[in-house]
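Please treat every number below as a calculation from the coordinates, not as lab data. Model, not experiment: these values are computed from the prediction. Virtual Cβ from ideal backbone geometry, glycine too; neighbours counted across all protein chains shown.
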Amino acid sequence: MSENKKKHKGKDEQRPDLDSLLKVSQVSRATGVSTSAINYYVRIGLLPPPLKTHKNMAYYDPSYIQMINYIKRLQLKKHLPLDQIREIMAKKIKIWRDMSSNQRSTAEEVFVEQESGRMESLDARKRIVEAGARLFSSKGYYATSEKDLIDLAKVSMGEFYEYYSGKEDLLLDLAEEGERAFRMRVSEEIASVPDMLERIRIAIPVAFQIIVENHQIFTLYLEGSVFSDASYERKLAQIIASTTKDLKSTIARGVKDGSIRQVHPDIAAYAIIGQLVRLANYWMEDPMKHKMEEITLEAVEFVTRALKP
């Protein structure tokens, strides 16, 4: 045994046989990623260091193929930046190392999507989202751990980190789920309503009802107390901008067909959304004292008077 190999074995008595390992050129051929890119991934921490047997010689476990393919999916399909990929990979690699001594099978569980395809993947994500909504609303965001989410959703750690870098990332996604639920409910209720003002009157109670159903989650957003950076501000701004755009379009159509008086659609839309957000905050200050039914009626009346011809 060479001196280098003796040194390495002293540090790790379970070092695998070199015959089971791959050279970087072999990993490159298997993944379609250049050797220089693989070396770069190792250098910046996207991949763990390979087994070094010489200054210019390193060997890679076959699991590196799955890791590199996973990095490619995060880059090409999810368009994630390297900093975010590094965070996800760090957690996945820790799981890969901790879960089992049989690294090859563990890597498949952690880094490879199930062969049953997209429907199972979507189902896993749906279960995680539902678990987040349920636990954050009942147990509270701070008291909910990632293990709680994984256990309730009945997914593996690998599946959880396939979609989310942590519970903060999940909370951000739940805001988008709330917006999608709002759009779906409103579209169903206004499908046969030609009057634009009446469409807005219908949408307001739906928005407040969704906030009531998910008040723990929305409280976190509107308070802005969860995040250490501007993530929640960007997400909330995106949601408000999207909702405002829809409202602006509805107001413009109403002005055109005469169901809404002559107003500036942009100004009116921002004014209405701003007031609704403030009313939501007002309710969340004391849900037992501030009755949502009264708030909803007053909000609908306010908007009706503001827009009625």
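Sort Phe182, Phe111 so the one with the fewest other Cβ atoms within 10 Å of its own Cβ comes first.
Details: Phe182 19, Phe111 25.
The fewest-first ordering by Cβ neighbours comes to Phe182, Phe111.
Please tell me the relative contact order of segment 118-163 in percent, rounded to the nearest whole number, where contacts are Cα pairs under 8 Å and at least six residues apart. Mind showing how you got there, number by number?
Working: 25 pairs, mean separation 21.3, N = 46.
That works out to 46 percent.
Give the shape of segment 118-163 as rounded, prolate or oblate, defined through the alpha-carbon gyration tensor: a ≥ b ≥ c are the square roots of its eigenvalues, a/c under 1.5 means rounded, and otherwise the shape is prolate if a/b is larger than b/c and oblate if not.
Numbers: a/c = 2.74, a/b = 1.78, b/c = 1.54.
It comes out prolate by the Cα gyration axes.
I need the per residue convex hull volume for segment 168-307, using only the alpha carbons, in cubic angstrom as a whole number.
Expressed per residue, the convex hull around the Cα atoms of segment 168-307 is 95 Å³.
Considering Cα pairs under 8 angstrom that are at least six residues apart, work out the relative contact order of segment 168-307 and quote it in whole percent.
Numbers: 94 pairs, mean separation 41.7, N = 140.
Relative contact order here is 30 percent.
Cβ under 15 Å from Ser138's Cβ, Ser138 left aside: what net charge do those residues give with Lys, Arg +1 and Asp, Glu -1? Intermediate values should be presented prior to the final figure.
Details: positive: Arg134, Lys139, Lys167; negative: Glu130, Asp148, Asp151, Glu213.
Spelling it out: positives minus negatives among the neighbours equals -1.
Arrange Ser156, Ser138 by Cβ neighbour counts within 10 Å, fewest through most, would you?
On the way: Ser156 16, Ser138 10.
Ranking Ser156, Ser138 by Cβ neighbours within 10 Å, fewest first, gives Ser138, Ser156.
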